[in-house]
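K.L.:
Before anything else, here's the structure in question.
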Amino acid sequence: MTTLAPEATDASEYLIRHRPDAPVMFFRPDLLAATAAAFRAGFPGRVTYAVKANPAVEVLGTLAAAGIDAFDVASPEEMTRVREAAPGAALHYNNPVRSADEIAAGKRMGVDSWSVDRMSEFDKLGALPEGSEVSVRLALPVPGAAYDFGSKFGAGPDLAVEILAAVAARGFVPALTFHPGTQCPDGAAWARYIHACADIARRADVQLARLNVGGGFPAHRGGAAPDLAAIFAAIRTATAEAFEAPPALICEPGRAMVAEAVTLALRVKAVESGALTLNDGVYGALGEWRDLPAPSRIDVISPDGHLRRAAGVPRIVFGPTCDSLDRLPRPLDLPGDIAEGDYLLIPGMGAYGAALVTAFNGYGARDVVTMRAG
Ligand SMILES: *Cc1c(COP(=O)(O)O)cnc(C)c1O
């Protein structure tokens, strides 16, 4: 269900009026457009969006209207969604392992750039239209990210040199790409990768047309808001230092682009001492909380809108399904006076929330309320 709530500018106002029993995702297109504008103003290159973070058509349409004209896609289904929301946008197919049928779908849909991390998958691409970019994905072990993206995809430096030389020799537009790891806290990881990429291009004797610095930009999950400007500055400095003739830069944020645009409201179904049950959990919009610590930005309000202010008490949190695995891996600190029927308001839930919701046991956050600017 997608509802427009032009009367409400504020999630708690909506909750007090409607008392929803199912989870609600409050979507603020104005905040998404503002984040896109901030990336475009601050990042020293082209800004694209990684569709997997939140593939909702409203999200893709808002980004297209905000000037995002290229999208990182991983599957034909994601390509179809982009074509619906932004028909003229460029498609960057950055899932480096593809079936023959998926490659054919990508060619039909007019993919502009393909990432590869092994020779066999590069060979499998076959002939591509004139001007197609092939971007070699590099992986270095990176400390600091919330979890390591290099453990699945990416060639080590020696293999990257070999593939990059082959890309240039076959007449494709040569590029390099990497992903420093999601929710990466500072610019050092990007700087290290950028220097490694310059080294690989030199060893391959290839002038890079483009360097794709991936996603990984952090969202605000608690404490101080992340400093994206400092990360952009680190990327700019490292590129200028590492390359004699710097390639064009491109980034593909998912999380940091879309997280802040959605506030998730969950309801407390039952409270016992030391534990409580919510109306959504790890099979729903909290799926990522199995692997990332829960954010600390959570407000609890009573059904008549009073903020619960008692000191935090750690509680085991269960989701609504009948599966005993449906619980958060670590206790969550929630106000001691939390009660049945209360709402948890969790900002910053636009990335990897809705995208991971299953329908298991008939639950899962599906209701979206689109809000006007507050
Ligand atoms: C998931 C992904 C992204 C986005 O990552 P975030 O950490 O959400 O910014 C970007 N590029 C590729 C290739 C990805 O797989």
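The values are calculated or read from the model by the stated rules, or taken from the named source; none is laboratory data. All of these numbers come straight from a predicted model, not from anything done at the bench. Ideal geometry is used to build each Cβ from the backbone, glycine not excepted, and the neighbour counts take in all protein chains shown. Protein only, heavy atoms only, side chains kept; ligands, DNA and RNA dropped before computing areas. Shrake-Rupley method; radii C 1.70, N 1.55, O 1.52, S 1.80 Å.
K.L.:
Which one of A339, A365 is away from the ligand (no atom under 16 Å from the Cβ), assigned to a loop (DSSP other than H, G, I, E, B) and over 23 Å from the mean Cα position of the chain (by Cα)?
P.N.:
Values: A365 fails: over 23 Å from the mean Cα position of the chain (by Cα).
When all the criteria are applied, what remains is A339.
K.L.:
Residues being within 16 Å of the ligand (Cβ to nearest atom) and touching a helix residue (DSSP H, G or I) at 6+ places or on another chain (Cβ under 9 Å): count how many of those fall in region 241-271. Working first, answer last.
P.N.:
To start, the set of residues in region 241-271 that are within 16 Å of the ligand (Cβ to nearest atom) comprises 249-262.
Okay, now just the ones that are also touching a helix residue (DSSP H, G or I) at 6+ places or on another chain (Cβ under 9 Å), so 249, 251, 253-262.
So the answer is 12.
K.L.:
How many of the residues in region 349-371 are within 21 Å of P29 (Cα to Cα) and in contact with a Pro (Cβ under 6 Å, 6 or more places away or on another chain)?
P.N.:
The number of residues fulfilling the criteria is 1.
K.L.:
So which residues in region 342-358 are part of a loop (DSSP other than H, G, I, E, B) and closer than 22 Å to V258 by Cβ, if there are any at all? Show your work before the answer.
P.N.:
Going residue by residue through region 342-358, those that are part of a loop (DSSP other than H, G, I, E, B) are 342, 347-353, 357-358.
If the condition is that a residue be part of a loop (DSSP other than H, G, I, E, B) and closer than 22 Å to V258 by Cβ, then P347, G348, M349, G350, A351, Y352, G353, V357, T358 are the ones that fit.
K.L.:
Collect the residues in region 72-130 that are touching a His at 6+ places or on another chain (Cβ under 6 Å) and closer than 17 Å to K152 by Cβ, keeping them in residue-number order.
P.N.:
Our first condition is that a residue be touching a His at 6+ places or on another chain (Cβ under 6 Å); within region 72-130, this holds for 72, 113.
The answer is D72, and nothing else.
K.L.:
Could I ask something else about it? Report yes if R315 is in a strand (DSSP E or B), within 17 Å of S12 (Cβ to Cβ), at pLDDT 95 or above and basic (K, R), otherwise no.
P.N.:
On the way: in a strand (DSSP E or B): yes; within 17 Å of S12 (Cβ to Cβ): no; at pLDDT 95 or above: yes; basic (K, R): yes.
The answer is no for R315.
K.L.:
Might you let me know whether region 121-128 holds any residue that is out of contact with any helix residue (DSSP H, G or I) (no Cβ under 7 Å at 6 or more places or on another chain), charged (D, E, K, R) and either under 19 Å from Y49 (Cα atoms) or away from the ligand (no atom under 16 Å from the Cβ) (or both)?
P.N.:
Going through region 121-128, the residues out of contact with any helix residue (DSSP H, G or I) (no Cβ under 7 Å at 6 or more places or on another chain) turn out to be 121, 123, 126-128.
Next, from what is left, pick out any that are charged (D, E, K, R): 121, 123.
Imposing the further condition that a residue be either under 19 Å from Y49 (Cα atoms) or away from the ligand (no atom under 16 Å from the Cβ) (or both) reduces the set to 123.
Yes: one or more hits.
K.L.:
Looking only at region 223-240, count every residue that is open to solvent by less than 20 Å² (accessible area, probe 1.4 Å) and more than 22 Å from A165 (Cβ to Cβ) and tell me the total.
P.N.:
Start the filter on region 223-240 by keeping residues that are open to solvent by less than 20 Å² (accessible area, probe 1.4 Å), which leaves 231-232, 235, 238-239.
Now restrict to residues that are more than 22 Å from A165 (Cβ to Cβ): 231-232, 235, 238.
Final tally of qualifying residues: 4.
K.L.:
Now a separate question. Would you please list the contacts, defined by Cβ atoms under 8 Å and residues six or more apart or on different chains, that run from a residue in region 201-219 that is outside the structural domain of W190 (by TED's automatic domain parsing) to a residue that is among the aromatic types (F, W, Y) and assigned to a loop (DSSP other than H, G, I, E, B)?
P.N.:
As it stands, the answer is none, since no pair meets every condition given.
K.L.:
In addition: Among the residues of region 226-240, is any under 21 Å from F71 (Cβ atoms), within 16 Å of the ligand (Cβ to nearest atom), outside any helix (DSSP H, G or I) and in contact (Cβ under 8 Å) with a residue 12 or more places away in the chain?
P.N.:
No, there is no match, as no residue in region 226-240 is under 21 Å from F71 (Cβ atoms), within 16 Å of the ligand (Cβ to nearest atom), outside any helix (DSSP H, G or I) and in contact (Cβ under 8 Å) with a residue 12 or more places away in the chain.
K.L.:
While we're here: Would you confirm whether or not region 143-152 contains a residue that is charged (D, E, K, R), at pLDDT below 95 and farther than 30 Å from G67 by Cβ? Spell out the reasoning first.
P.N.:
First, pick out the residues of region 143-152 that are charged (D, E, K, R): 148, 152.
Filter once more, so that each one left must be at pLDDT below 95: 148, 152.
Still in the running and farther than 30 Å from G67 by Cβ: 148, 152.
Among the residues of region 143-152, at least one is charged (D, E, K, R), at pLDDT below 95 and farther than 30 Å from G67 by Cβ, which makes the answer yes.
K.L.:
Determine if region 104-111 includes at least one residue that is outside any helix (DSSP H, G or I), more than 16 Å from the ligand (Cβ to nearest atom) and outside the structural domain of A355 (by TED's automatic domain parsing).
P.N.:
Just the residues of region 104-111 that are outside any helix (DSSP H, G or I), to begin with: 110-111.
With the extra rule that they be more than 16 Å from the ligand (Cβ to nearest atom), the set shrinks to 110.
Filter again for outside the structural domain of A355 (by TED's automatic domain parsing), leaving 110.
Yes, there is a match, as at least one residue in region 104-111 is outside any helix (DSSP H, G or I), more than 16 Å from the ligand (Cβ to nearest atom) and outside the structural domain of A355 (by TED's automatic domain parsing).
K.L.:
Exactly one of these conditions fails for Y352: (1) free of Cβ contacts under 8 Å to residues at least 60 places away in the same chain; (2) aromatic (F, W, Y); (3) within 16 Å of the ligand (Cβ to nearest atom). Give me its number.
P.N.:
(1)
K.L.:
Kindly indicate whether I338 is assigned by TED's automatic domain parsing to the domain that holds L266, in contact with an Asp or Glu (Cβ under 9 Å, 6 or more places away or on another chain) and among the hydrophobic types (A, V, I, L, M, F, W, C).
P.N.:
On the way: assigned by TED's automatic domain parsing to the domain that holds L266: yes; in contact with an Asp or Glu (Cβ under 9 Å, 6 or more places away or on another chain): no; among the hydrophobic types (A, V, I, L, M, F, W, C): yes.
Taking the combined requirement at face value, the residue does not satisfy it.
K.L.:
Inside region 186-208, can you point out the residues that are farther than 21 Å from Y49 by Cβ and in a loop (DSSP other than H, G, I, E, B)?
P.N.:
Within region 186-208, D186, D205, V206, Q207, L208 meet the criteria.
K.L.:
Would region 280-289 turn up any residue that is assigned to a strand (DSSP E or B) and either under 30 Å from G181 (Cα atoms) or not small (G, A, S) (or both)?
P.N.:
Quick first cut of region 280-289, residues assigned to a strand (DSSP E or B) only: none.
Looking through region 280-289, none of the residues is assigned to a strand (DSSP E or B) and either under 30 Å from G181 (Cα atoms) or not small (G, A, S) (or both).
K.L.:
Being within 16 Å of the ligand (Cβ to nearest atom), surrounded by fewer than 20 Cβ atoms within 10 Å (Cβ to Cβ) and at pLDDT 95 or above narrows it down to one residue among H195, H220; which is it?
P.N.:
Details: H195 fails: within 16 Å of the ligand (Cβ to nearest atom).
Criteria check complete, one pass: H220.
K.L.:
Another question, then. In region 164-187, what count of residues is obtained for those that are within 16 Å of the ligand (Cβ to nearest atom), of a type in the set (A, V, I, L, M, F, W, C) and either within 12 Å of S135 (Cβ to Cβ) or surrounded by fewer than 21 Cβ atoms within 10 Å (Cβ to Cβ) (or both)?
P.N.:
We begin by selecting, within region 164-187, every residue within 16 Å of the ligand (Cβ to nearest atom); these are 175-187.
In the following step, the residues that additionally are of a type in the set (A, V, I, L, M, F, W, C) were identified as 175-176, 178, 184.
Subsequent filtering for residues that are either within 12 Å of S135 (Cβ to Cβ) or surrounded by fewer than 21 Cβ atoms within 10 Å (Cβ to Cβ) (or both) retains 175-176, 178.
Here the count works out to 3.
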